[in-house]
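Worksheet: the structure to be examined is printed underneath.
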Amino acid sequence: MTVLTVDDEKEIADLVELILKNEGYNVIKYYDSVKAYDEILKNSNIDLAVIDVMMPNMDGFELCAKIRDNYNYPIIMLTARVEDVDKITGLSIGADDYVTKPFNPLELLARVKAQLRRYKKYGASDEMTKCYYEKNGLLINKHQHTVTLFDKPVLLTPTEFDILWLLCENAGKVVSSEEIFQTVWKEDYLDSNNTVMVHIRRIREKLKEPSKNPRIIKTVWGVGYKVEK
């Protein structure tokens with residue numbers, strides 16, 4: 001598998017490269033985000049990107065947004081800033097996860113593996129399990145990892161797909177933010193965590209949902225989210 005890492009701090013970029021190469025990953029490393037974007041446009045073999053937030057010329061948020069215009073592979077943001085607004089900004093433009101500097105190499109490696117595992121295992125067959133959902137013009141196929149809205153493809157990140165599928169798999173039932181977070185991220189949920197809300201908003205935007213009265217993903221205030229059965 002191929003991982004792109006972009007960080008203008010050479011020591012950090014070199015460390016990420018070393019961590020991933022020691023695990024057998026093919027690593028493409030850039031210290032410059034503009035040059036990295038040129039590589040992205042011509043390389044169809046990238047499976048995941050690890051991107052620093054604070055970079056000159058084009059910061060990590062802008063690079064992440066540009067990637068999301070055309071690609072759905074996982075993106076992990078590296079940030080030295082711990083403010084929630086920065087994390088929410090990254091998640092809202094399509095990042096799947098973030099790691100705060102200074103980071104534990106084992107933690108970064110674990111997050112890379114988790115994102116790649118989720119990304120690569122779509123399509124595993126299980127004929128005994130319902131693999132699709134169709135309602136209100138939305139068609140989602142778990143095995144083929146496809147989402148269409150009125151026959152037009154919808155490009156979701158792996159994390160966004162996981163959330164939408166979880167809701168569709170439980171159609172007619174309310175799924176709490178806590179359950180969504182623990183199922184998708186496999187981490188303990190904190191009451192102050194806005195991650196699920198940000199991802200739901202991003203999914204709604206891609207589904208062209210009206211903000212005041214969404215047709216597909218309904219909010220049950222104080223409880224969670226649901227889709228119609």
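The values are calculated or read from the model by the stated rules, or taken from the named source; none is laboratory data. This structure is a prediction, so every number in the text was calculated from the model and none was measured. Counting neighbours? That spans all protein chains shown, and the Cβs are built from the backbone with ideal geometry, glycine included.
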Test: residue 193 is of a type outside the set (D, E, K, R) and more than 17 Å from residue 95 (Cα to Cα): no
Filter result (part of a loop (DSSP other than H, G, I, E, B), over 22 Å from residue 117 (Cβ atoms) and modelled with pLDDT of 95 or more) within region 10-54: 31, 32
Unmet requirement for residue 128, which otherwise passes all of (1) surrounded by fewer than 16 Cβ atoms within 10 Å (Cβ to Cβ); (2) part of a loop (DSSP other than H, G, I, E, B); (3) aliphatic (A, V, I, L, M); (4) modelled with pLDDT of 90 or more: (4)
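Just give me the residues in region 136-164 being acidic (Asp, Glu) and without any contact (Cβ under 8 Å) to a residue 40 or more places away in the chain, in sequence order.
Step one: filter region 136-164 for residues acidic (Asp, Glu), giving 151, 160, 162.
Matches in region 136-164: 151 only.
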Residue match in region 50-72 (condition: surrounded by fewer than 21 Cβ atoms within 10 Å (Cβ to Cβ), under 20 Å from residue 20 (Cα atoms) and of a type outside the set (A, V, I, L, M)): no
Top-ranked residue of region 131-169 - restricted to ones that are in contact with a helix residue (DSSP H, G or I) (Cβ under 9 Å, 6 or more places away or on another chain) and in a loop (DSSP other than H, G, I, E, B), ranked as surrounded by the most Cβ atoms within 10 Å (Cβ to Cβ): 157
